[in-house]
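The values are calculated or read from the model by the stated rules, or taken from the named source; none is laboratory data. Because the structure is predicted, anything quoted here is derived from the model rather than measured. Note: ideal-geometry Cβ built from the backbone for every residue, glycine included; neighbour counts use all protein chains shown. To get the accessible areas, we keep the full protein, side chains included, count just its heavy atoms, and leave off ligands, DNA and RNA. Shrake-Rupley method; radii C 1.70, N 1.55, O 1.52, S 1.80 Å.
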Amino acid sequence: MSGVMKRMGMIFRAKANKALDRAEDPRETLDYSYQKQLELLQKVRRGVADVATSRKRLELQLNQLQGQSAKLEDQGRKALALGREDLAREALSRRASLQQQVSDLEVQHQTLQGEEEKLTLAAQRLQAKVDAFRTKKETIKATYTAAQAQTRIAESFSGISEEMSDVGLAIQRAEDKTAQLQARAGAIDELLASGALDDQSGLGSKDDIQAELDRLSGGTDVELELQRMKAELAGGPSAQQQAIEGGAQGSAQQSPQTQHRFDKQ
Amino acid sequence: MIVRIMGEGQVKVADGHFAELNKLDDELLAEMESGDEEGFRRTLGALLDAVRRLGSPLPDDALEPSELILPAPDASLDEVREMLSDDGLIPG
């Protein structure tokens, strides 16, 4: 058989083989893609570590501030006991501004903690995906190698390489590329869905009005604290506890009526 | 044996029919070498018809190696000659 059909078949196959030889090895592409995924995973892990470090630093700062705050309160109490109301006022107003910093830091701390949890979860999911991809990659590589070996055997035995098995390899390559893209897209989706990628904005930034309000209520706090300490020195134990709690928590909620009541005393 | 018609797909033809197909195929080759455009057209049409008539088409997603390949029905003599002479790959 030496007609057009046979000749065309041989030429077609020879060309298909040449085209395949020129193209890059899909196994290399897979390995490269896996490498990229590992790098991405590394980045996420580094992100988790960074956030955890910031969180710990905040915790240290918080402890320090709280220590100072306690010290100032103590000083205020002593000053008042010595009859130095001006000193006590000064100590308490310093303490109020410290308390403001503390509550700011606490908000930041909470945000960081949430972010850290999300990132940790994202890293775990990404790890699972990368593992799955590695398994699949090895399977595809093995299949590819087997197909290649088969083609070579067929060639050496019959002198005819297989046109369609070449087409099959082309499909395989397309599948490889698809798997690679899917894995990448999946990883990024994961990060976006968990919010780990766009959670950086708005870390406790305050507007002017809020700052002014906070300052005012801080002043109110000082008055309250003074009143409380006076009452304490005078020896009225039952009302104190409530006043302490009210002063320590949300100062903005402290109602002006309470203040009036104290004033009238 | 599986035959691919370029642009159409694959057809499975029983080996018993190859005597008939070979006759047309050899004729086609002779016409191509002598440059008989009219004869080439006629013989190519007849050969493709015979393959379609004698064979059964394979599904499009089948991945079977084709042992023989035929030019597309509308391929010109020059196109086929070019395909066959490309890169000096013609054996024999």
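Here are the numbers:
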read-out: Positions within region A:60-89 being more than 38 Å from the chain's Cα centre (by Cα) and touching a residue at least 40 places away in the same chain (Cβ under 8 Å), in sequence order; value: A:Gly76, A:Arg77, A:Leu80, A:Ala81, A:Glu85, A:Ala88, A:Arg89
read-out: A:Glu117 vs. criteria in a helix (DSSP H, G or I), acidic (Asp, Glu) and either modelled with pLDDT under 85 or open to solvent by 70 Å² or more (accessible area, probe 1.4 Å) (or both); value: yes
read-out: Unmet criterion (only one of (1) within 14 Å of chain B (Cβ to nearest Cβ); (2) part of a helix (DSSP H, G or I); (3) at pLDDT below 65) for A:Met8; value: (3)
read-out: Test: A:Gly67 is within 30 Å of A:Ala231 (Cα to Cα) and either part of a helix (DSSP H, G or I) or open to solvent by 20 Å² or more (accessible area, probe 1.4 Å) (or both); value: yes
read-out: B:Asp49 modelled with pLDDT of 85 or more and not small (Gly, Ala, Ser); value: yes
read-out: Region A:90-106 residues that are more than 11 Å from A:Leu62 (Cα to Cα), paired with ones that are open to solvent by 50 Å² or more (accessible area, probe 1.4 Å) and not aliphatic (A, V, I, L, M) (beta carbon under 8 Å, 6 or more apart); value: A:Ala91/A:Gln75
read-out: Residue among A:Arg94, A:Arg55, A:Arg27 that is surrounded by 13 or more Cβ atoms within 10 Å (Cβ to Cβ) and at pLDDT 90 or above; value: A:Arg94
read-out: Check on B:Asp36, more than 15 Å from the chain's Cα centre (by Cα), surrounded by 14 or more Cβ atoms within 10 Å (Cβ to Cβ) and not polar (S, T, N, Q); value: yes
read-out: Search result, residues across region B:7-29 that are open to solvent by 60 Å² or more (accessible area, probe 1.4 Å) and not in a helix (DSSP H, G or I); value: B:Gly7, B:Glu8, B:Lys12
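Okay, residues lined up against (1) more than 15 Å from A:Lys6 (Cβ to Cβ); (2) out of contact with any Phe, Trp or Tyr (no Cβ under 6 Å at 6 or more places or on another chain); (3) more than 13 Å from chain A (Cβ to nearest Cβ); (4) touching a residue at least 40 places away in the same chain (Cβ under 8 Å):
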site	(1), (2), (3), (4)
B:Ala14	yes, yes, yes, yes
B:Lys23	no, yes, no, no
B:Asp26	no, yes, no, no
B:Glu33	no, yes, no, no
B:Ala46	yes, yes, no, no
B:Arg53	yes, yes, yes, no
B:Leu58	yes, yes, no, yes
B:Glu67	no, yes, no, yes
B:Ala72	yes, yes, no, yes
